[in-house]
1. Sort out which residues of region B:83-131 are more than 10 Å from the chain's Cα centre (by Cα), more than 14 Å from every other protein chain (Cβ to nearest Cβ) and not in a helix (DSSP H, G or I), and write them in order of number.
2. From the list A:Leu87, A:Leu99, exactly one residue is within 14 Å of chain B (Cβ to nearest Cβ), open to solvent by less than 60 Å² (accessible area, probe 1.4 Å), within 21 Å of A:Ser55 (Cβ to Cβ) and modelled with pLDDT of 95 or more. Which is it?
3. Quick one: is B:Pro53 surrounded by fewer than 15 Cβ atoms within 10 Å (Cβ to Cβ), within 21 Å of B:Asp27 (Cα to Cα) and not aliphatic (A, V, I, L, M)?
4. Of all residues in region B:62-80, which are open to solvent by 30 Å² or more (accessible area, probe 1.4 Å), out of contact with any strand residue (DSSP E or B) (no Cβ under 8 Å at 6 or more places or on another chain) and either more than 10 Å from chain A (Cβ to nearest Cβ) or modelled with pLDDT of 95 or more (or both)?
5. Report yes if some residue within region B:116-125 is on the phi < 0 side of the Ramachandran plot, open to solvent by less than 50 Å² (accessible area, probe 1.4 Å), basic (Lys, Arg) and touching a residue at least 40 places away in the same chain (Cβ under 8 Å); otherwise report no.
6. Do you know which residues across region A:129-152 are more than 14 Å from chain B (Cβ to nearest Cβ), open to solvent by 40 Å² or more (accessible area, probe 1.4 Å) and at pLDDT below 90?
7. Considering only helices (runs of 4 or more DSSP H) fully contained in region A:39-101, which possess at least 2 residues that are free of Cβ contacts under 8 Å to residues at least 12 places away in the same chain and over 21 Å from B:Arg112 (Cβ atoms)?
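The values are calculated or read from the model by the stated rules, or taken from the named source; none is laboratory data. Computed from a predicted structure; not experimentally measured. Here the Cβ positions follow ideal geometry from the backbone for every residue, glycine too, while neighbour counts run over all protein chains shown. Side chains included, ligands, DNA and RNA excluded: accessible areas come from the protein's heavy atoms. Shrake-Rupley method; radii C 1.70, N 1.55, O 1.52, S 1.80 Å.
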Amino acid sequence: MPASRSHERAKARPAWIPGLLIAAALAIPAAPAAVLADGGRRSPDDPAWREECGSCHVAYPPRLLPAQSWRRIMATLDRHFDADASLEPGRARGIEAFLVANARQASSESALRITGTGWFRREHDEVAGLFSSAAVGNAANCGACHPQAEQGRFNEHEIRLPGGNKR
Amino acid sequence: MNKILALLAAALALGGLPALAADPLADITVAANAVPGFAGFSAERGARFFRTPGGSWSCSTCHSDDPRRAGRHAVTGKPIEPMAPAVNPRRLTDPARVEKWFRRNCKDVLSRECTAQEKGDVITYLRSMGR
């Protein structure tokens, strides 16, 4: 009977094949599911966000702006701070969902620029003069003082001010 | 089981061999051919276009005057890898990627999309560069 023959074949399948498949799947290069964030919290990662948002500037982690700000930014990508950053609609929707799901919990804030948010100004009030210095250039150069910015880490203990001073 | 193995092999092949993707210049050539008077692409014209400002920017503003070297984003200062395939072989290998960046950057520089002639000239120029 065909059914029982098929069953026999299935039983004869070498036991190591599933293990091999799992090993092969694990070997496929993939972005890490999450990277360490401030204070050891996990910062969510998303390959499309990292690639598309990280081309022209640091891929700013979702937690830096509230959901409302991310929605407005994603709705105006064709004129994104004087540059065209437009995306294919499906890809934009996926990135927006990631940003909104992991956004800052701050209902009163709606700034489009991270530097325009209250928390950013408070955190940087002592060092704002450094932004336009030769070593930094502008406030978008997070990595000048936050060496792990590309990994989404802005931990206070990891800050290195230009000139080698630890903060 | 064989189906799964075949799918896995296909996934590995697709992920590991991007060089097999179509040539970004192919569709651009088809579009250029449709324009009356098209007489081929020119590396020399591409080189001029690359350095000619539309408004305040040219391609070279962010991509460096020498595309074999790294550039720097004019606003954010983020380093941009070299555009010349001779020194950065991943450049100009993915048609969708090439179209996406031409669409965006031409609007930033020229306030319009680039023509097929302009795109083909620039690709021809970048590919003509040695190391």
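1. Result: B:Ala86, B:Val87, B:Asn88, B:Pro89, B:Thr115, B:Met129, B:Gly130, B:Arg131.
2. A:Leu87
3. So B:Pro53 does not fit the description; no.
4. Answer for region B:62-80, where residues must be open to solvent by 30 Å² or more (accessible area, probe 1.4 Å), out of contact with any strand residue (DSSP E or B) (no Cβ under 8 Å at 6 or more places or on another chain) and either more than 10 Å from chain A (Cβ to nearest Cβ) or modelled with pLDDT of 95 or more (or both): B:Asp65, B:Asp66, B:Arg68, B:Arg69.
5. To start, the set of residues in region B:116-125 that are on the phi < 0 side of the Ramachandran plot comprises B:116-125.
Filter again for open to solvent by less than 50 Å² (accessible area, probe 1.4 Å), leaving B:116, B:118-125.
Next, only the ones that are basic (Lys, Arg) stay: B:119.
Keeping just the survivors that are touching a residue at least 40 places away in the same chain (Cβ under 8 Å) gives B:119.
Looking through region B:116-125, at least one residue is on the phi < 0 side of the Ramachandran plot, open to solvent by less than 50 Å² (accessible area, probe 1.4 Å), basic (Lys, Arg) and touching a residue at least 40 places away in the same chain (Cβ under 8 Å).
6. The one that is more than 14 Å from chain B (Cβ to nearest Cβ), open to solvent by 40 Å² or more (accessible area, probe 1.4 Å) and at pLDDT below 90: A:Gln151.
7. The qualifying helices (runs of 4 or more DSSP H) are A:89-101.
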